[in-house]
Amino acid sequence: MEVVMFTLIKNAHVYAPADAGRQDILLAGRKIAHMAPEIGALPFECTIIDVQGAKVTTGFIDQHIHVTGGGGEGSFATRVPEIQLSQLTTAGTTTVIGLLGTDGVTRSMENLLAKARGLEEEGISTWIYSGAYPADSPHITGNLRSDIALIDKVIGGKVAMSDHRSSMPSTQAYAALAAEARIGGMLSGKAGVLHIHMGDGKRGLDPILEILDTTELPISVFRPTHVNRNPVLYKQTIAFALQGGIIDLTCGMTGSAIPVPEAVQQALDAGVPLERLTLSSDGNGSMPKFNDKNELIGLTAAAPRYLYEEMLGIVKAGVLPFEKALQLITCNVADALKLEAKGLVAVGKDADLLVWNDDLTLNKVFAKGRLMVNAGQAVVKGTFEN
């Protein structure tokens, strides 16, 4: 029989992400059991942590992260290593959606699923997308629909579009894959989305727009990411969002990419509702540089901490206040992916909490009620971390 541990966080300035003022928060096991301006003496043993007015928010949700490592575009030595637990928790990330990238050959769906389960056992929450860059990527059960319907961790599919590393599928192939994702989601009550890596190709979002014009598939199925990769793609993406689409901006992009604070400002100025914008880190994925002949000329790896840094960048640039910027990596993502226990500091939600220092660095991180980071240092590390 599992013993429920209780923790009482006193004198928190809660951003839920809306400013909820001074609150005490009672954690019971992995859940938030009670929240009130003052919680008095309790009739059971409880760990009490007084945060003395510090900001307390929900943990970050990173919906695009290469937990098994990305890369490989420059041969085997350029394969990015698997992610480690403390890389996530010290950056405030308590929920991840893992995925494959260019390399769907030496990295498999089975490996991705096992890594997600391992990170869950180590203390955070995990889901995955099924598939890689090609539209005909292998799936664990044989097809995307069944993966979503039958495997608890799978919430959607992955594919690449308008990228020279994709399988160059037809628009019909994209439509078929989107239909598989949608039906899988309907059968299982999951989001059932098609998470689409967008490249620099001249077609941009044209395949998605054609599908919306010629089929019955709803716009909600399509979730393009890396959309701030270049100005031409982003202009097209803003039009997609104004039609009702949800778009995901990638943190830490360089070159011709539009910086995240500027991209958010452009979208808001165009009339895109804040709820249709999300951020993701592309953490542990490769960030290759290609010349005009699509030849690899350089490669670095993205860091999970980009999610936290770019959110603060939005605040410091004056684009959004703290509580609004938080939405981009908390409740907006949870709502878009039907992660009902995530995204808010509220009774009944998972106790994924961040305690902030005055300088907006992270002091404590709780994941499912367990203290993972204290004074900015990981107190719970992955199985093979020193």
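The values are calculated or read from the model by the stated rules, or taken from the named source; none is laboratory data. Just so we're clear, the structure is a prediction, and the values are computed from it rather than from any experiment. Note that each Cβ is placed from the backbone with ideal geometry, even for glycine, and that neighbours are counted across all protein chains shown. These area figures cover heavy atoms from the full protein model, side chains too; ligands, DNA and RNA do not enter into them. Shrake-Rupley method; radii C 1.70, N 1.55, O 1.52, S 1.80 Å.
Checked against the criterion of being open to solvent by 10 Å² or more (accessible area, probe 1.4 Å) and touching a residue at least 12 places away in the same chain (Cβ under 8 Å), the candidates LEU187, LEU205 yield just one match: LEU187. ALA334 meets each of the listed conditions (1) more than 14 Å from LEU88 (Cβ to Cβ); (2) open to solvent by 20 Å² or more (accessible area, probe 1.4 Å) apart from (2).
Is it fair to say LEU360 is surrounded by 19 or more Cβ atoms within 10 Å (Cβ to Cβ) and within 20 Å of ILE61 (Cβ to Cβ)?
It is false that LEU360 is surrounded by 19 or more Cβ atoms within 10 Å (Cβ to Cβ) and within 20 Å of ILE61 (Cβ to Cβ).
Which members of the stretch 25-47 meet the condition of being in a strand (DSSP E or B) and loosely packed, with under 12 Cβ neighbours inside 10 Å?
ALA36, THR47
Just one residue in the set SER162, SER166 is open to solvent by 10 Å² or more (accessible area, probe 1.4 Å) and more than 17 Å from the chain's Cα centre (by Cα); that residue is SER166.
Restricting the stretch 281-300 to residues that are modelled with pLDDT of 75 or more and within 17 Å of the chain's Cα centre (by Cα) leaves a set whose member that is nearest to GLY70 (Cα to Cα) is GLY285. In the set (1) touching a residue at least 12 places away in the same chain (Cβ under 8 Å); (2) more than 20 Å from THR250 (Cα to Cα); (3) open to solvent by 30 Å² or more (accessible area, probe 1.4 Å), LEU217 fails one condition alone, (3). In the stretch 2-24, the residue that is least open to solvent (accessible area, probe 1.4 Å) out of those that are under 27 Å from the mean Cα position of the chain (by Cα), among the hydrophobic types (A, V, I, L, M, F, W, C) and farther than 13 Å from ILE48 by Cβ is VAL14. Within the stretch 96-131, the residues that satisfy the criterion of being part of a loop (DSSP other than H, G, I, E, B), hydrophobic (A, V, I, L, M, F, W, C) and either touching a residue at least 40 places away in the same chain (Cβ under 8 Å) or touching a His at 6+ places or on another chain (Cβ under 9 Å) (or both) are LEU99, LEU100, ILE124.
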